[in-house]
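Participant: This structure is in structure tokens; I'll ask about it shortly.
The values are calculated or read from the model by the stated rules, or taken from the named source; none is laboratory data. Here the structure is a predicted model, which means the values were calculated and not measured. Glycine also receives a Cβ, built like all others from the backbone with ideal geometry; neighbour counts cover every protein chain displayed. In case anyone asks, the SASA skips ligands and DNA or RNA and just uses the protein heavy atoms, side chains included. Shrake-Rupley method; radii C 1.70, N 1.55, O 1.52, S 1.80 Å.
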Amino acid sequence: MTSRRFILDCDPGQDDAIAILLALGSHELAFEAITIVAGNVGADQGAANARRILDLAGADRPIYRGAPRALLKPYDLGERFHGGDGLMGLDLPPPSRPPEAEHAVSFLARTLLAAEPGSIDLACVGPLTNLALLLIQYPDAARGLGRVAIMGGAIGLGNVSPAAEFNIHSDAAAAAVVFSAGLDVILVPLDLTHQALGTDARIAALKATGRPTALAVAELLARYPRLEKFNYQGGPLHDPCAVAALIWPEMVSGRHVAVEIDASGGPSHGRTLVHWWPKSTGPRPNALVLSEIDADQFYHHLSNRV
Ligand code: RIB
Ligand code: CA
């Protein structure tokens, strides 16, 4: 398999950091750049965290800061879930260098406009503000996009409310723009990521590799709160599942259905309305919504790649 050109849009974030390491370690992806959106932490902190993770891996990729806030309102940052610095207090040196001066949306536009049609895969694992801004300001740039894997939403219950998942809820207006743009969207919702729990056995397997990057992943997983809703077995590893869906499509399954976004501001604001049982009178399918992952296979490969 030849490598696919790949860009990661993220808000590092504990699981974003692991997604960066998985992408770095996967020959199937020609990992070109990281764009940052505020979400778990502010854009500056997110850019610094991305550089700290690249430094840990001895890797160098350009990092471009993007939206510091959602389209319609400032974010309610998710720092409470990822520790004040966004990496759960992981003991890493300060970043070796600052992010690029160019804005993420400008970088994405010039890169995609110059690319062969459909040649660049994108994973969005934070709020969708950068992608929405790109589509609004440079609609022709979408031509360069191949698969767009989005970690977000839920077929069932959300995580920031019964209705909504954090990334979509953080900027529901941006999500509405993205899901109506006709992109080749692969949605990786909580229903899938909640199958990928960082259990003690999986942490032990990462530790057994002895690699500093894998040890850091093990430590991040170990620091994840053990919640009743996961039977205290371990935390769900959200963002790397979106990268895995691009690397190992055979590891996941789902349906091509319609997804609508509730951006109403009401009690179900941020909901992904997934038409899992489509009706002929319903909206047209606009995403491959994934509902299953082979979690054992995922962690086996993760341990070999990070
Ligand atoms: O709801 C999970 C998502 O929100 C993940 O991307 C996590 O990093 C946070 O951004
Ligand atoms: Ca994230």
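Participant: Considering each of LEU112, LEU108, LEU131 in turn, give the residue that is within 14 Å of ligand 2 (Cβ to nearest atom) and either modelled with pLDDT of 95 or more or not in a loop (DSSP other than H, G, I, E, B) (or both).
Facilitator: LEU131
Participant: Among the residues of segment 113-154, write down those that are of a type in the set (Val, Ile, Thr) and within 17 Å of the chain's Cα centre (by Cα). Steps first, answer last, please.
Facilitator: If we filter segment 113-154 for residues that are of a type in the set (Val, Ile, Thr), which is where we start, we get 120, 125, 129, 136, 148, 150.
Hits for segment 113-154 are ILE120, VAL125, THR129, VAL148, ILE150.
Participant: On to the next question. In this structure, is TYR299 within 19 Å of the chain's Cα centre (by Cα) and at pLDDT 95 or above?
Facilitator: yes
Participant: Within the set of pairs 6 or more residues apart or between chains, which connect a residue that is closer than 20 Å to GLY210 by Cα inside segment 277-304 to a residue that is part of a loop (DSSP other than H, G, I, E, B) with Cβ atoms less than 6 Å apart?
Facilitator: Short answer, once both residue conditions are applied: PHE298/ALA196.
Participant: While we're looking at this one, here's another question. Please find, within segment 164-200, the residue that is farthest from ALA123 (Cα to Cα) out of those that are assigned to a loop (DSSP other than H, G, I, E, B), open to solvent by 10 Å² or more (accessible area, probe 1.4 Å) and more than 13 Å from ligand 1 (Cβ to nearest atom). First the steps, then the outcome.
Facilitator: Taking segment 164-200 as the starting set, the residues that turn out to be assigned to a loop (DSSP other than H, G, I, E, B) are 164-165, 171, 180-183, 189, 194-196, 198-199.
Subset that is open to solvent by 10 Å² or more (accessible area, probe 1.4 Å): 180-183, 194-195, 199.
The next check asks that each one be more than 13 Å from ligand 1 (Cβ to nearest atom); those that pass are 180-183, 195, 199.
Details: SER180: 17, ALA181: 16, GLY182: 16, LEU183: 12, GLN195: 19, THR199: 25 Å.
Ranking the candidates gives THR199 first.
Participant: Hey, among the residues in segment 107-117 that are without any contact (Cβ under 8 Å) to a residue 40 or more places away in the chain and crowded, with 16+ Cβ neighbours inside 10 Å, which one's farthest from LEU134 (Cα to Cα)?
Facilitator: If we filter segment 107-117 for residues that are without any contact (Cβ under 8 Å) to a residue 40 or more places away in the chain, which is where we start, we get 109-110, 112-114, 116-117.
Next, only the ones that are crowded, with 16+ Cβ neighbours inside 10 Å stay: 109, 112.
Working: ALA109: 7, LEU112: 10 Å.
Taking the candidates together, the pick is LEU112.
Participant: When segment 136-153 is examined, which residues are found to be surrounded by fewer than 24 Cβ atoms within 10 Å (Cβ to Cβ), not in a strand (DSSP E or B) and not aromatic (Phe, Trp, Tyr)?
Facilitator: ILE136, GLN137, PRO139, ASP140, ALA141, ALA142, ARG143, GLY144
Participant: Would you point out the residue of segment 18-48, among those that are part of a helix (DSSP H, G or I) and over 22 Å from PRO74 (Cβ atoms), that is nearest to ligand 2 (Cβ to nearest atom)?
Facilitator: This residue is ALA19.
Participant: Among the residues of segment 232-241 satisfying the criterion of being free of Cβ contacts under 8 Å to residues at least 60 places away in the same chain and touching a strand residue (DSSP E or B) at 6+ places or on another chain (Cβ under 9 Å), which is surrounded by the most Cβ atoms within 10 Å (Cβ to Cβ)?
Facilitator: The initial filter retains those residues of segment 232-241 that are free of Cβ contacts under 8 Å to residues at least 60 places away in the same chain, namely 232-236.
When the remaining residues are screened for being touching a strand residue (DSSP E or B) at 6+ places or on another chain (Cβ under 9 Å), the result is 233-236.
Working: GLN233: 14, GLY234: 21, GLY235: 23, PRO236: 21.
Among those residues, the one meeting the criterion is GLY235.
Participant: For ASP15, only one of the following conditions fails: (1) part of a helix (DSSP H, G or I); (2) of a type in the set (D, E, K, R); (3) within 16 Å of ligand 1 (Cβ to nearest atom); (4) farther than 24 Å from LEU237 by Cα. What is its number?
Facilitator: Looking at each condition in turn, ASP15 falls short on (4).
Participant: Additional query: Can you pull out every residue in segment 242-282 that is touching a strand residue (DSSP E or B) at 6+ places or on another chain (Cβ under 7 Å) and open to solvent by 60 Å² or more (accessible area, probe 1.4 Å)?
Facilitator: Once the filter is applied, which keeps residues that are touching a strand residue (DSSP E or B) at 6+ places or on another chain (Cβ under 7 Å) and open to solvent by 60 Å² or more (accessible area, probe 1.4 Å), segment 242-282 yields ARG255, HIS256, GLU260, LEU273, PRO278.
Participant: Continuing with this model, one more query. Working carefully through the options PHE6, PHE31, find the one that is open to solvent by 10 Å² or more (accessible area, probe 1.4 Å) and in contact with a strand residue (DSSP E or B) (Cβ under 7 Å, 6 or more places away or on another chain).
Facilitator: One residue alone meets the criteria, PHE31.
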